[in-house]
1. Does any residue of the stretch 338-353 turn out to be modelled with pLDDT of 95 or more, within 27 Å of ALA253 (Cβ to Cβ) and within 16 Å of the ligand (Cβ to nearest atom)?
2. What about LYS289, is it over 19 Å from the mean Cα position of the chain (by Cα) and at positive phi?
3. Residues in the stretch 217-250 that are touching a Leu at 6+ places or on another chain (Cβ under 8 Å), more than 13 Å from VAL171 (Cα to Cα) and open to solvent by less than 70 Å² (accessible area, probe 1.4 Å): how many?
4. Run down PHE104, PHE75 and say which single residue is among the aromatic types (Phe, Trp, Tyr) and at positive phi.
5. Please count how many residues of the stretch 279-299 are out of contact with any strand residue (DSSP E or B) (no Cβ under 9 Å at 6 or more places or on another chain) and not in a helix (DSSP H, G or I).
6. Being within 16 Å of the ligand (Cβ to nearest atom), open to solvent by 10 Å² or more (accessible area, probe 1.4 Å), in contact with a strand residue (DSSP E or B) (Cβ under 9 Å, 6 or more places away or on another chain) and under 27 Å from ARG49 (Cβ atoms): is that true of ASP151 here?
7. Suppose we keep only residues that are more than 13 Å from the ligand (Cβ to nearest atom) and either surrounded by 24 or more Cβ atoms within 10 Å (Cβ to Cβ) or among the acidic types (Asp, Glu) (or both) within the stretch 117-137. Which one would you say is farthest from VAL36 (Cα to Cα)?
8. Please state which of the following conditions PRO206 fails to meet, knowing it meets all the rest: (1) open to solvent by less than 50 Å² (accessible area, probe 1.4 Å); (2) farther than 16 Å from VAL335 by Cα; (3) at pLDDT 95 or above.
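The values are calculated or read from the model by the stated rules, or taken from the named source; none is laboratory data. The shown structure was predicted, so the numbers you read here are calculated from the model rather than taken from an experiment. Cβ: placed from backbone, ideal geometry, glycine included. Neighbour counts: every protein chain shown. We work out accessible area using only protein heavy atoms, side chains counted, and drop any ligands, DNA or RNA first. Shrake-Rupley method; radii C 1.70, N 1.55, O 1.52, S 1.80 Å.
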Amino acid sequence: MFEILTRRQALGAFAVAACVLTPVAVRAEDVVKIGVIVPMTGPSASTGREIEAAIKLFQAQKGDKAGGKKVEVIFKDDTGVADITKRLAQELVVNDHVAAIAGFGLTPLALAAAPIATQAKIPEIVMAAGTSIITEASPFIVRTSFTLAQDTVPLADWALNNGIKKVVTLVADYGPGIDAEKAFVEKIKAGGGQVLDSLRAPLKNPEFAPFLQKAKDLKPDALFLFVPSGQGAQLMKQVAEREFAKDNIKVIATGDVTDDEQLNGMGDSVLGMITSMMYSTAHNSPENKAFVAAFEKANPTMRPNFMALGGYDGMALFYAALEKTKGDTDGAKLVDAMKGMAWMSPRGPISIDPQTRDIVQNVYIRKVERRDGQLYNIEFETVPAVKDPVKAAKAGK
Ligand code: DHB
């Protein structure tokens, strides 16, 4: 017996048939959006450009599908201003319904977005900022960059093992600089060394000359430096003018200062400089050689720096989490999937600490050398699987 369809049922059936027949490429529910908020203009523009290039490379290499979903990346420029970061994060959640937010070129920007991630219950993948406290600002924060203490403690150890006893520190006066200073000072003092002074330069429009002169006058064995990515060239120009080597003062730094993005333009005065960092363009592994070749092919005027790695690995983490949840975009499930995740990055083996959601990674001690006519940070010592020392110390208490 055939039933006679009501007008309503007939229309419903027609609508279903139309849906099936209409060649819609991807249904909305099969698209997962991730909003990447980074500075692409202003003093930290290189951070945004590096992260954007790395994310685009990741998708070009691995495709745009993960966990059966199409991954769509929305890039936003916060110009390095925290209020803008927060507004963009809100808009991405409310208007674009993103499954995650990512990027965050400076510590205040990562912190500004934290309450949004908590309220929206979506992952915040920190790809650049490095102050230890960040991951504690929301249970939804996972970090693929680094912490300053993580990179600094191995350098302080190197200094102690290389006859450095008296030091002066000079850092950018905000979260990561203070973390770097604290980590370096504590380690040097614990190792029997002496800290002659700890100097802090303003983050905005810094004038390093008076601080450098003061450091020189104190005649330490070494001057330890940290400034964020993008300020290294200006700092090292002023360091070169003071000729520290003539007074037998070693200049050492976190790798943010000899940033691969700017290093080649710094000139011969940085040759021989010792730094510590979790990534160098010159890292000697098959994975990194392939990564650098692909990155430079896609971006002929750029070199991948440590910020690029934060972006590349942050994307790898988001894809892997989506695979693990089989495309379920529930934020708590995605963060759970990220905890304990371990993989091989171009920087070396990395994992996400399931307790702290911070990255565990090798830290390398490097020396600036000329290779094939270009300046590189050449790694000569590896400290394996370093956890953020600040959180490790808190956990131990
Ligand atoms: C931060 C920014 C940087 O560019 C950097 O190299 C290290 C830390 C930060 O603001 O957290």
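1. The answer is yes; a qualifying residue exists.
2. So LYS289 fails the test.
3. The number of residues fulfilling the criteria is 7.
4. From the options PHE104, PHE75, the qualifying one is PHE104.
5. Here the count works out to 1.
6. When the stated conditions are applied, ASP151 does not pass them.
7. GLU136
8. (3)
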